[in-house]
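The values are calculated or read from the model by the stated rules, or taken from the named source; none is laboratory data. Quick caveat: nothing in here was measured; it's all calculated off a predicted structure. Virtual Cβ from ideal backbone geometry, glycine too; neighbours counted across all protein chains shown. Surface areas here come from the heavy atoms of the whole protein model, side chains and all, with no ligands, DNA or RNA. Shrake-Rupley method; radii C 1.70, N 1.55, O 1.52, S 1.80 Å.
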Amino acid sequence: MTAALPNDVARRLPRAIVRLRARLRAESAPADLRCTWSQVSTLGRIAEDGAATVSGLAVAEHVRPQSMAETVAALRKAGLVDAKSDPTDGRKTLMSVTPAGRKLISTIAPVREAWLEAAIEQNLTPAESRTLLRAAEIMESLADS
């Protein structure tokens, strides 16, 4: 196989990501989930990284601050996040996950990971699994560049 050209990767990678993301959403969403995938992603980020401002979340999720404000407002309305003044800078508001938000996140991730693990075990060789792990590392690095 010849070396992949950047334009080949740039054309195929987004399509693959969208397809995998849609499949993960279908496999892991509880039937009664009323959150969007961006809301679940934001909730997961706050749960993993800790309290954050809306602007910080927007940067981390690579969206406009106005879009993140809408996402956070929906999470607050659903009782999944709380807003509190930043103790070091009263002009800022920090979003943190509520117990209900933690419960939701704790139900989604294990289901998603179990489906993906089974799919990997059933469909990939050990060498392909290692390649996919390396690809995930590269994609995370690319996302942060």
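Would you confirm, using the coordinates I've provided, whether residue 135 is over 16 Å from the mean Cα position of the chain (by Cα), more than 20 Å from residue 19 (Cβ to Cβ), open to solvent by less than 60 Å² (accessible area, probe 1.4 Å) and of a type outside the set (Lys, Arg)?
Against the criterion (over 16 Å from the mean Cα position of the chain (by Cα), more than 20 Å from residue 19 (Cβ to Cβ), open to solvent by less than 60 Å² (accessible area, probe 1.4 Å) and of a type outside the set (Lys, Arg)), residue 135 does not qualify.
Is there any pair linking a residue in region 58-77 that is within 13 Å of residue 45 (Cα to Cα) to one that is acidic (Asp, Glu) and open to solvent by less than 60 Å² (accessible area, probe 1.4 Å), with Cβ under 9 Å and at least six apart or on different chains, and which?
Once the first residue is within 13 Å of residue 45 (Cα to Cα) and sits in region 58-77, its partners that are acidic (Asp, Glu) and open to solvent by less than 60 Å² (accessible area, probe 1.4 Å) give 68/61; 71/61.
Every residue, every condition in (1) in contact with a strand residue (DSSP E or B) (Cβ under 6 Å, 6 or more places away or on another chain); (2) without any contact (Cβ under 8 Å) to a residue 60 or more places away in the chain, yes or no:
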{"position": "96", "(1), (2)": "yes, yes"}
{"position": "100", "(1), (2)": "no, yes"}
{"position": "109", "(1), (2)": "no, no"}
{"position": "114", "(1), (2)": "no, yes"}
{"position": "119", "(1), (2)": "no, yes"}
{"position": "125", "(1), (2)": "no, yes"}
{"position": "130", "(1), (2)": "no, yes"}
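Given the structure, is residue 64 exposed (fewer than 12 other Cβ atoms within 10 Å of the Cβ), within 18 Å of the chain's Cα centre (by Cα) and within 17 Å of residue 139 (Cβ to Cβ)?
When the stated conditions are applied, residue 64 does not pass them.
Given the conditions (1) more than 18 Å from residue 16 (Cβ to Cβ); (2) within 19 Å of the chain's Cα centre (by Cα); (3) small (Gly, Ala, Ser), report the number of the one that residue 143 does not fulfil.
Failed condition: (1).
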